[in-house]
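Notes follow the structure.
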Amino acid sequence: MSSREEILKKWGGAAIILLVSLEFVVFPWLDWVERSKTEILNARTFAAKQRNVASQYADIESKLAELKEQTTLYAGLPILEKNQDPALLWLEVVDAAVARVEATVNNKVPQRAVVINDDYSAFTGRLSAVGEYNRILNLLNELENISEGNRVRQVSLYQQRARQGYVTANIEFVRVYRTK
């Protein structure tokens, strides 16, 4: 055997041992290190999200309390029966308020129903009334009762010079109700 063959066997065996150790020891260890880094990064991301949710817990509790308060506020709203016209709910409130304050109504115009969500809707309309300032202000006070779903959305007052003490009020009135 020549010296060249001996060197080749000696270094060739070492090269084979090195390649086998790289294939079965070093490369799997590097893959394991990379997987471990990814798992640690995912765990840190998950923990950060959990901390974020935990920090928002107080805010969620306050929103829940506010929602419960709103629900009790809207518990007194009228319920629209299945075959009932929402314009009648609107007209009932307007007629009752006008009768209590004894104002003169020139015009009542129920306009349209607006769906708020699956449970609530609103009906809007316009009302034109004439009377003394006190009666018109009392009419506005009678119409404005949010706990029963009544809301005066817009008011314009006009007084003619020839009729001092009397005012014409154009009122946009909204009635909120629950649907079944």
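Rounded to the nearest percent, how much of the accessible area of the chain (1.4 Å probe, protein heavy atoms only) is carbon and sulfur?
Values: 7420 of 13250 Å².
Accessible surface attributable to carbon and sulfur in the chain totals 56 percent.
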Self-check item: Solvent exposure of the chain as accessible area per residue, Å², 1.4 Å probe
Solution: 74
Quiz prompt | For G125, residues with placed amide H under 5 Å, excluding near neighbours | solution = Q111, F173
Self-check item: Rounded to 10°, Cα long-axis angle of helix 27-55 versus longest principal axis of the chain
Solution: 20
Quiz item: Of W32, W11, W90, which has the most accessible area and how do the rest follow, probe 1.4 Å?
Solution: W11, W32, W90
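Given a Förster radius of 41 Å and the C-beta distance between D95 and Y57 as r, what FRET efficiency does 1/(1 + (r/R0)^6) yield to the nearest 0.05? Intermediate values should be presented prior to the final figure.
Values: r = 49 Å, r/R0 = 1.20.
Once the sixth-power term is evaluated, E becomes 0.25.
Let me have the 222 nm mean residue ellipticity of the chain computed from DSSP H runs of 4+ only, each contributing -39500 (n - 2.57), with the sum over all residues rounded to the nearest 500. Write out the running numbers ahead of the final one.
Numbers: 5 runs with 92 residues, N = 180.
That comes out to -17500 deg cm²/dmol.
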Quiz prompt | Extent along principal axes [Cα atoms of the stretch 22-102; Å; largest to smallest] | solution = 99, 30, 14
Quiz item: What is the spread of the Cα atoms of the stretch 62-180 along each of their three principal axes, largest first, in whole Å?
Solution: 54, 36, 21
Quiz prompt | Förster radius 41 Å - calculated FRET efficiency between D119 and R44 (Cβ-Cβ, nearest 0.05) | solution = 0.45
Exercise. Report the relative contact order of the stretch 54-180, percent, no decimals, based on alpha-carbon pairs under 8 angstrom and at least 6 residues apart.
Key: 29
Quiz item: With each pseudo-label sitting 7 Å past Cα toward Cβ, what's the S36-E148 distance in nm, one decimal?
Solution: 7.4
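The values are calculated or read from the model by the stated rules, or taken from the named source; none is laboratory data. Not measured: the values here are computed from a predicted model. Here the Cβ is made from the backbone with ideal geometry for all residues, glycine too, and neighbour counts use every protein chain on show. Please note that ligands, DNA and RNA were not included when accessible areas were found on the heavy atoms of the full protein model with its side chains. Shrake-Rupley method; radii C 1.70, N 1.55, O 1.52, S 1.80 Å.
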